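To keep things clear, I will list the structure first and then write my remarks on it.
The values are calculated or read from the model by the stated rules, or taken from the named source; none is laboratory data. Everything quoted here is computed from the prediction, not taken from an experiment. Ideal geometry is used to build each Cβ from the backbone, glycine not excepted, and the neighbour counts take in all protein chains shown.
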Amino acid sequence: MRKALIIVLTFIMTLLNAPSMLGKEHTIIVMRHGEADHNISDRYNTNSEHPAYSPSYLTDNGKEQVKSSARAINNLLDKEVRIALFASPLPRTVQTAEIVAGELRMTQQAITTDSRLIETNVGNREGLPHAQFDDKDPWFPDDPIAFGGETTEQITARLQAFYDETLAGSDTDVFIIVTHGSPALLFAHLIQPNVAHSRLATAGFSVFVIKDD
């Protein structure tokens, strides 16, 4: 990742009336999907190819969360910026990206799905409630390989590959990345290491304004 001065702004859907301030530099907006069915049931929902998987869609509340965040993003952006919108291929992130695209007056065809942005694969825990396990953090267990899950290093590697192949060197002004809680957190660490980042709430987003040296 190229050397840069990074300014980080984290928003919790409260900036609807903020003045336009982004788009002057290379900007990455990392967004978590809105509240979805599995968030209510508190179950793992990560891998569409697993037999225990069932699609999780945005709740009505989740849709409203995303609309509020999308409006905040729209108010922050200069109107002439070039925007690229990427999303994890799971239903809840695609729905989130579609709402964002609508609020930004982008076409649905402008959304690019990328499997490297997908949720942490939890292996044989798919579909099971978080409370069934005694990990200190249900998304960062001590030994995910033991149940066929994905390690932090593996997630970081795919996010790094996404950045290197898609974002680095692009002349796009603003990248909006719609992903999941754990990948969003790890992506923030990837962009700005050695800084304490917090897990985003549903439909929360972080903004990284990158200025070349």
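May I ask you to say which residue of VAL94, VAL66, VAL122, VAL174 is surrounded by fewer than 21 Cβ atoms within 10 Å (Cβ to Cβ) and β-branched (Val, Ile, Thr)? Can you show your working first?
On the way: VAL66 fails: surrounded by fewer than 21 Cβ atoms within 10 Å (Cβ to Cβ); VAL122 fails: surrounded by fewer than 21 Cβ atoms within 10 Å (Cβ to Cβ); VAL174 fails: surrounded by fewer than 21 Cβ atoms within 10 Å (Cβ to Cβ).
Being surrounded by fewer than 21 Cβ atoms within 10 Å (Cβ to Cβ) and β-branched (Val, Ile, Thr) holds for just one of VAL94, VAL66, VAL122, VAL174, which is VAL94.
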Among (1) surrounded by 14 or more Cβ atoms within 10 Å (Cβ to Cβ); (2) more than 11 Å from the chain's Cα centre (by Cα); (3) assigned to a helix (DSSP H, G or I), where does PHE208 come up short?
(3)
If we scan the stretch 130-138, do we find a residue that is in contact (Cβ under 8 Å) with a residue 12 or more places away in the chain and outside any loop (DSSP other than H, G, I, E, B)?
yes
Tell me, yes or no, whether the stretch 142-156 has at least one residue that is within 24 Å of LEU76 (Cβ to Cβ), touching a residue at least 12 places away in the same chain (Cβ under 8 Å) and not polar (S, T, N, Q).
no
Can you tell me which residue is farthest from the chain's Cα centre (by Cα) among those in the stretch 139-161 that are under 16 Å from ALA52 (Cβ atoms) and surrounded by fewer than 19 Cβ atoms within 10 Å (Cβ to Cβ)?
PHE147
Pairs, first over 11 Å from ARG71 (Cβ atoms) and β-branched (Val, Ile, Thr) in the stretch 95-110, second buried (at least 17 other Cβ atoms within 10 Å of the Cβ) and at pLDDT 95 or above, C-beta under 6 Å, six or more apart
THR96/HIS33; THR96/GLY34; THR96/VAL66; THR96/VAL178
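Going through the stretch 154-169 one residue at a time, which ones are farther than 20 Å from GLU126 by Cα and assigned to a helix (DSSP H, G or I)?
If the condition is that a residue be farther than 20 Å from GLU126 by Cα and assigned to a helix (DSSP H, G or I), then THR156, ALA157, ARG158, LEU159, GLN160, ALA161, PHE162, TYR163, ASP164, GLU165, THR166, LEU167 are the ones that fit.
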Taking the residues in the stretch 170-192 that are in a strand (DSSP E or B) and not hydroxyl-bearing (Ser, Thr, Tyr) as candidates, determine which candidate is farthest from the chain's Cα centre (by Cα).
VAL174
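It is to be established whether one or more residues within the stretch 59-79 are part of a loop (DSSP other than H, G, I, E, B), modelled with pLDDT under 95 and within 24 Å of THR172 (Cα to Cα). Working first, answer last.
Filtering the stretch 59-79 down to residues part of a loop (DSSP other than H, G, I, E, B) leaves 59, 78-79.
Filter again for modelled with pLDDT under 95, leaving 78-79.
This time we only want the ones that are within 24 Å of THR172 (Cα to Cα), so: 78-79.
Yes: one or more hits.
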Do we have THR112 as surrounded by 20 or more Cβ atoms within 10 Å (Cβ to Cβ), over 17 Å from ARG199 (Cα atoms) and polar (S, T, N, Q) here?
no
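Hey, any hits in the stretch 183-195 for a residue that's of a type in the set (Val, Ile, Thr) and at pLDDT 95 or above? Break it down into steps so the answer makes sense when it comes.
Going residue by residue through the stretch 183-195, those that are of a type in the set (Val, Ile, Thr) are 191, 195.
In the following step, the residues that additionally are at pLDDT 95 or above were identified as none.
Scanning the stretch 183-195 turns up no residue that is of a type in the set (Val, Ile, Thr) and at pLDDT 95 or above.
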Out of GLU126, GLU119, GLU153, which single residue is under 18 Å from ALA97 (Cα atoms), of a type outside the set (Ser, Thr, Tyr) and modelled with pLDDT of 95 or more?
GLU119
